[in-house]
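What follows is one structure encoded as structure tokens, with my remarks underneath.
No value in this document is a laboratory result; all are computed from the given coordinates. Note that the structure is a prediction, hence the values are computed from the model and not measured. Here the Cβ positions follow ideal geometry from the backbone for every residue, glycine too, while neighbour counts run over all protein chains shown.
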Amino acid sequence: TQLLEQSPQFLSIQEGENLTVYCNSSSVFSSLQWYRQEPGEGPVLLVTVVTGGEVKKLKRLTFQFGDARKDSSLHITAAQPGDTGLYLCAGDPGGNQFYFGTGTSLTVIP
Amino acid sequence: GAVVSQHPSWVICKSGTSVKIECRSLDFQATTMFWYRQFPKQSLMLMATSNEGSKATYEQGVEKDKFLINHASLTLSTLTVTSAHPEDSSFYICSAPVLVTGELFFGEGSRLTVL
């Protein structure tokens, strides 16, 4: 069951451009996480947000948790080729079960 | 951060055989572990939640008799794909939460190819 819809599904941009990935659901989550995954490897945690309206920054990445804790966004400023990968949001509806979003495959062209 | 390790990383087997994948938490105890399946360029689909000392909880549509899960100790969970068929070929990933922080740590994944 995929409770979380991500958009866009695929994104190809030039180095230096900005982009935003959205993670939406009709369910409320006690926490939401963002991961990046490279081919053949397991996902790597980028950030965890727990409070509605929370904004966290990680260098050129800005994460926001919606006020109602149903959605989140990831904004990347001045994308670099090293940002290429599959970005996944994951929500915990409670009870320590994590459901992943549909994924966004990002390619940054040098 | 916490470390979760999977073994094997790659496995090729003949149709009809069974394959076991191990997931270990190396530096913390995990009463719960999650097993996911992932197809190329797609997201992770939760298959089941492995619980130490009790039966696993399977997601809807996942065959319990096909994907056997055993959580033998606080650091080890295994997924056995029984009577594997080519359509079972996939990337299988496990994860374990660190309950204090709520963070989820993933294994390296196991790529299964069934011939």
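In a simple Cβ point-charge model (Lys, Arg +1; Asp, Glu -1; nothing else charged), the protein assembly as shown has a dipole of about 140 debye relative to its Cα centre. Remark on chain B: B:13 stand apart, with no other cysteine beta carbon under 4.7 Å. Excluding residue A:61 itself, calculate the net charge of residues whose Cβ lies under 13 Å from the Cβ of residue A:61, where each Lys or Arg counts +1 and each Asp or Glu counts -1. Net local charge, residue A:61 excluded: +4.
Residues considered: B:31, B:49, B:17. Largest GNM mean-square fluctuation over chain B, using C-alpha springs under 10 Å, is found at B:17. Mind running the shape call on the range B:1-82? Use the C-alpha gyration tensor, a ≥ b ≥ c as the square roots of the eigenvalues: rounded below 1.5 for a/c, prolate if a/b tops b/c, oblate otherwise. Here the range B:1-82 falls in the rounded category. Other residues with beta-carbon under 12 Å from the beta-carbon of residue A:25 carry, at +1 per Lys or Arg and -1 per Asp or Glu, a net charge of -1.
Only one residue of B:84, B:15, B:101 has its Cα farthest out toward the positive end of the dipole of chain B, where Lys and Arg carry +1 and Asp and Glu -1 on Cβ, and that residue is B:15. Each 10 Å bin from 0 upward holds the following percent of the Cα-Cα pairs of the protein assembly as shown: 8, 33, 35, 19, 5, 0. The alpha carbon centroids of the range A:1-61 and the range B:24-53 are separated by 19 Å. Comparing mean-square fluctuations of B:90, B:25, B:54 from a GNM of chain B with C-alpha springs under 10 Å, the top value falls on B:54. Residues considered: A:83, A:67, A:92. Largest GNM mean-square fluctuation over chain A, using C-alpha springs under 10 Å, is found at A:67.
Based on the Kirkwood approach, the hydrodynamic radius assigned to chain A is 13.8 Å, with every pair of different Cα atoms included. Annotated for the protein assembly as shown: lysine pairs at least 8 residues apart or interchain, Cα distance under 16 Å, count 5.
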